[in-house]
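What follows draws every value from the coordinates through simple rules; no lab data is involved. None of the values given here were measured: they were computed from a predicted structure. Every residue, glycine as well, gets a Cβ built from its backbone with ideal geometry; the counts of neighbours run over all protein chains shown.
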There are 2 protein chains.
Amino acid sequence: MSGPFGRLFNGRPASPDWSGTRTLHYGDGVFRTVLVWQGQIIDRQRQFARLASDAEALHLHWPAPAVAALATEAGSLAVAAGRGALRMTLSRIDGGRGYHAGSDDCDRLLELRPLPDHPTRCWTEGVVLYWSPVLLGIQRQLAGIKHCNRLEQVLASRGWQPDQDEALMCDAEGRVICGTRSNIFVVIDGVLVTPALDRSGVAGQMREHIIDLACTRGPGCEIGTLAPDEIRHASEAFVCNSLIGIWPVRRIGGLELPAPGVLTQQLSALLDHPWAGS
Amino acid sequence: MSGPFGRLFNGRPASPDWSGTRTLHYGDGVFRTVLVWQGQIIDRQRQFARLASDAEALHLHWPAPAVAALATEAGSLAVAAGRGALRMTLSRIDGGRGYHAGSDDCDRLLELRPLPDHPTRCWTEGVVLYWSPVLLGIQRQLAGIKHCNRLEQVLASRGWQPDQDEALMCDAEGRVICGTRSNIFVVIDGVLVTPALDRSGVAGQMREHIIDLACTRGPGCEIGTLAPDEIRHASEAFVCNSLIGIWPVRRIGGLELPAPGVLTQQLSALLDHPWAGS
């Protein structure tokens, strides 16, 4: 765009280098947030594989040289910071006005922030979940993908109680799906269960990792439908994501749970996640 | 963020001035696309009112001085270009890592592009709509809002046929809702009908304007549920948005329609939209 056409950001001319990227306009991209620990990207290979499969689901083209560039840049940031939360975003490039994607190529945005200030008791004594009033829309074509359309999670992260560690979200048809920034596992009648994410929710890398661990070295895991009523019969529960690993759950709404439970301890030991509030 | 923390965009340090804005990360913002014609923003007051009410729906704070700044900047762009498509975006400012909004203040992004190259026949002979295979998720808390989570529209804008002018979208429960970038009106048994947008869809400014016109100076308008089957009984139809005004519809899937129909002509005359492909 030239001549009288162009962009202003807070009143100043915005460089076309960044101001056309389509996450900025439509959330048209995918991302992963990864733990940086001792200068390393934890679960690096799995994270890159998930980013690649999510990119493919949105028809984003992320060829080998661009993967290598992201890996190099992410590695440099990780080494420099030692510890942090690294978000890696692929954003569809500007391809002209409107929803139609004029290109499937990607810009890449890396963001490294300090780790959040979670108290150690989140890992040792467990966390408190509330039921979110925000319901996840049923959208099979986007379910599971960690894309940049995250207003449901933004709305569900508002107005938390002082003792609230996470909010648990149901879909529009009343199924339990996930936390705002975590996936959930519960133990019911001795069976580890986590919700299916074929209609809504985000398939976190840590969720996949834990399902793998549970199936190969632990108690197994059922992926299925979970009703709020069933949660009342849970004997233990935990939430997980790539930053925190596993947090035992000590309360969901009015329901008290032993934390950490037996299976939660077993899986935490198998996972051996580096960060536990230290 | 300082020291080893920060952001890289395509390998280069990204200014914190823009790289934290939350539409870029979560689509956490709202927008309007308006027609600039003869140096003026068409329907300026209504567009600003809609932008304000959508901002409020997402708890975005857009105080009078920021409204005035946007108006001044938009006005300058409009005068300089004469004609164009102006997108006005409010994006929640960076307020720290994660979904939780650390602030409700907004950045503002203005983007002025040349008008799309629609042939005059779109207005005079009508357009061809296809049924989109992408279904809109049911999400009552976000329905109607023109927010920046628009992946459904992006997906629905892929792979169009050469003669396709727009794709018509249904929701996950099978109701007809809207086009990818337009709202739809149909005439059934002499009654003008447009879909309710309380479960999905975008309430375009032009849709509201046409409903007002139809109710105050035209044939009236019913806002309700519309099934694909009912479309088969339509005697005429049109789609609308703020850029194009009204496009008569001459075909929806396999259904041929007279274009422009009698009520479509009446409403087009009442609307007196400046741009009709000239």
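Counting only DSSP beta bridges with both residues in chain A, tell me the antiparallel percent, nearest 5.
80
Please check which bits of the stretch B:188-205 a label hung off B:Leu270 would reach, taking the label as a point 7 Å along Cα-to-C-beta and the cut-off as backbone N under 12 Å.
Answer for the stretch B:188-205: B:192-193.
In percent, what relative contact order does the stretch B:121-271 have, based on Cα pairs under 8 Å that are 6 or more apart in sequence?
Details: 315 pairs, mean separation 42.6, N = 151.
That works out to 28 percent.
Considering all alpha-carbon pairs of the stretch A:121-271, what whole percent are spaced by more than 22 angstrom? Let's see the in-between values first.
On the way: 3691 of 11325 pairs.
Tail of the P(r) past 22 Å holds 33 percent of the pairs.
Please compute the modelled spin-label separation between A:Asp105 and A:Val79, points set 7 Å along Cα→Cβ, answer in nm with one decimal.
Label-label distance for A:Val79 and A:Asp105, simple model: 2.8 nm.
What ranking of A:Ser235, A:Ser200 emerges when the number of other C-beta atoms within 10 Å of each C-beta is taken as an exposure proxy, fewest first? Write down the numbers at each step before the final one.
Numbers: A:Ser235 15, A:Ser200 27.
Sorted ascending by nearby Cβ count, the order is A:Ser235, A:Ser200.
Considering the options A:Ala74, A:Ala172, A:Val191, tell which one lies farthest towards the positive end of the dipole of chain A, charges being +1 on Lys and Arg and -1 on Asp and Glu at the Cβ, about the Cα centre.
Value: A:Ala74.
For the stretch A:13-26, what does the Karplus curve 6.51 cos²θ - 1.76 cosθ + 1.60, with θ = phi - 60°, yield as ³J(HN,Hα) per residue in whole Hz, taken in order and with x for Gly and Pro?
Couplings: x, 9, 4, x, 4, 10, 6, x, 4, 7, 5, 5, 9, 10 Hz.
So what's the angle, to the nearest 10 degrees on a 0 to 90 scale, between helix A:205-216 and the longest Cα principal axis of chain A?
The helix A:205-216 is inclined about 40 degrees to chain A.
When chain B is treated as a GNM, springs tying every alpha-carbon pair under 10 Å, which of B:Leu109, B:Leu51, B:Leu168 comes out with the largest mean-square fluctuation?
Between B:Leu109, B:Leu51, B:Leu168, it is B:Leu109 that shows the largest mean-square fluctuation.
Show me, for the stretch B:167-173, the HN-Hα J-couplings you get by feeding each phi into the Karplus relation (A = 6.51, B = -1.76, C = 1.60, θ = phi - 60°), rounded to Hz, glycine and proline as x.
In residue order, the calculated couplings are 10, 9, 10, 9, 8, 5, 9 Hz.
Using alpha-carbon positions, what is the distance between the centroids of the stretch A:172-204 and the stretch A:20-47, in Å?
22
Taking the protein assembly as shown on its own, what percent of its Cα-Cα pair distances exceed 45 Å? Show your work: numbers first, answer last.
Details: 27896 of 154290 pairs.
The answer is 18 percent, as a whole percent.
Based on DSSP, what percent of beta bridges with both residues in the protein assembly as shown are antiparallel, to the nearest 5?
80
For chain A, find the longest principal axis of its Cα atoms and tell me its angle to the long axis of helix A:44-57, 0 to 90°, nearest 10.
Helix A:44-57 sits roughly 60 degrees off the main axis of chain A.
Debye sum, Cα scatterers, chain A, no solvent: what log₁₀ I/I(0) at q = 0.07, 0.08, 0.11, 0.17 1/Å?
Results for chain A at q = 0.07, 0.08, 0.11, 0.17 Å⁻¹ read -0.27, -0.36, -0.67, -1.43.
Working from Cα positions, state the angle (0 to 90°, nearest 10) between the long axis of helix B:64-81 and the longest principal axis of chain B.
It works out to around 60 degrees.
Hey, fewest Cβ within 10 Å first, where do B:Glu166, B:Glu73 land in order?
Values: B:Glu166 26, B:Glu73 17.
Sorted ascending by nearby Cβ count, the order is B:Glu73, B:Glu166.
Taking the square root of 5 times each eigenvalue of the Cα gyration tensor, what semi-axes in Å does the equivalent ellipsoid of the stretch A:16-113 have, largest first?
Values: eigenvalues 126, 36, 23 Å².
Gyration-tensor ellipsoid for the stretch A:16-113: 25, 14, 11 Å.
Contour minus end-to-end for A:Arg140 and A:Thr124, with contour as 0.36 nm per residue of separation and end-to-end as the Cα-Cα distance? List each step's numbers first, then the result.
Details: separation 16, 0.36 × 16 = 5.76 nm, distance 3.63 nm.
Here the segment from A:Arg140 to A:Thr124 would lengthen by 2.1 nm.
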